[in-house]
Amino acid sequence: MKKIFIFSLFMLHLCFGGQDTYGSQPSDTDPASNPAESSKTPMLDFFNSLDWDIFFDKFKIEIEPCICDNSTSNINGVEIPLGFKASLIEPIMGISSSNQPGDLVGLNIDLGKDLFDKEGTSREGSSGSGETTVFRQINFVTFPFMAMVGFVLPEAICFDKTTEITSSYMSDVDPLYQNDILSLAVNTGKSWGRVFLINPLADLACVADCAASTAGYPINSLYWCDGCRGNIGGTDTGYTKTGDPIENSEMIIFRQVAAMHETSRLLKTSNASFTFLPNENISKGKNEDKSQNKSKGKKKSLELPNTMCKDKIFPLIIKDQYYLQLAYGKAKPFGAMRFHYDFKSSPTDKDRFFFWLWRVRDYCFGQTHCQ
């Protein structure tokens, strides 16, 4: 048993240790490597900076009927009595990652900094200080591009109906983001908190998630793992271990998306599956019908809230519901192994990056009320 454990730790080191040494390099952000001419404002240059291949690949309608209660969906004024299972993916947010406060990379806007803003670091310095952690600022901007497109499409195609370009999250003004002690104290009180998953066994589970995420199927039950980035820790701060700034940015984004689910700022929109849940009380929403559980006279069902007809609150991140895309690159699941050719970004500054966050939506085409 001891030999197996030592071997597992060795494999863990190979998977995660290489991420620090062989991640992206400054030369990898050369815009000449991009298939499209990059822009200093990738959020406004969305026609080129978005990965439209995944948009068309993920859009599908299955010949499998479905029905929603009290459906009011119609096409051109005609009510639809029966629907079909459908799925699509859409960009919902633009995310700026920088070692400078107030830096909206996607819009090329520098808001400046004041006395209370924390300036970050991206790479290990050459001064031999021995620092093992780095800090970055993260800003989320809701960008309803598909909502604008959806106005001219039939109601049966359910894009997100958010109609405002707004700042969803700014790390510069979040005290929990700046202070790991405060963040740790808050997360300790959560019944499914990651504080209790900072141990070698939990780290070892992330090896399996790395392989699954790289294959395109992240393991939702391992909600403390960001695939090949490893265990995300027990806090929601901007601190990560010293390493590649793009991969560190992904881990911080992962933490904040998880926090948005915990506070209901992001909802469950896909029919995702969990092998197990840390707390059976989170498996169903408050308004779910509990008659089945009463009739069975057994434990509460761990069936997840069905989102075919309506988005549902779910307090854990659903990893296979999201794809993260570096501007002008390819969208990939959280935690997927990235190689040098993936790190093509603009702006070219190695300490400033812009990402698009894509979200999968499963719904009943012709029945789901999309507004």
Discussion item. Can you work out the Karplus-derived ³J(HN,Hα) for every residue in region 167-181? Use 6.51 cos²θ - 1.76 cosθ + 1.60 with θ = phi - 60°, whole Hz, and x for glycine or proline.
Written reply: 7, 7, 7, 10, 5, 4, 10, 9, x, 5, 5, 7, 10, 5, 5
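Return the FRET efficiency for the residue pair SER273, THR188: r is the Cβ-Cβ distance, R0 is 41 Å, and the value is rounded to the nearest 0.05.
Values: r = 28 Å, r/R0 = 0.69.
About 0.90, to the nearest 0.05.
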Item to complete: Using the structure shown, select from LYS268/LYS310; LYS58/LYS330; LYS85/LYS332 the pairs with a Cα to Cα distance greater than 19 angstrom.
Response: LYS85/LYS332
Item to complete: Quick one: what are the phi-derived ³J(HN,Hα) couplings along region 216-225, Karplus 6.51/-1.76/1.60 with θ = phi - 60°, whole Hz, x for glycine and proline?
Response: x, 9, x, 8, 4, 5, 8, 6, 8, 9
Worksheet entry | Nearest-10 value in Å² for the accessible area of LYS241, using the 1.4 Å probe | 90
Worksheet entry | Heavy atoms of GLU64 accessible to a 1.4 Å probe, total area in Å² rounded to 10 | 80
Item to complete: Could you go through region 268-275 in sequence order and give the Karplus-derived ³J(HN,Hα) for each residue, using 6.51 cos²θ - 1.76 cosθ + 1.60 with θ = phi - 60°, rounded to whole Hz, and x for Gly and Pro?
Response: 7, 10, 10, 7, 6, 10, 10, 5
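The values are calculated or read from the model by the stated rules, or taken from the named source; none is laboratory data. Treat the numbers as computed from the prediction; the structure is a model and nothing was measured. So basically every Cβ, Gly included, is an ideal-geometry build from the backbone, and we count neighbours across all protein chains shown. With ligands, DNA and RNA removed, areas are computed over all heavy atoms of the protein, side chains included. Shrake-Rupley method; radii C 1.70, N 1.55, O 1.52, S 1.80 Å.
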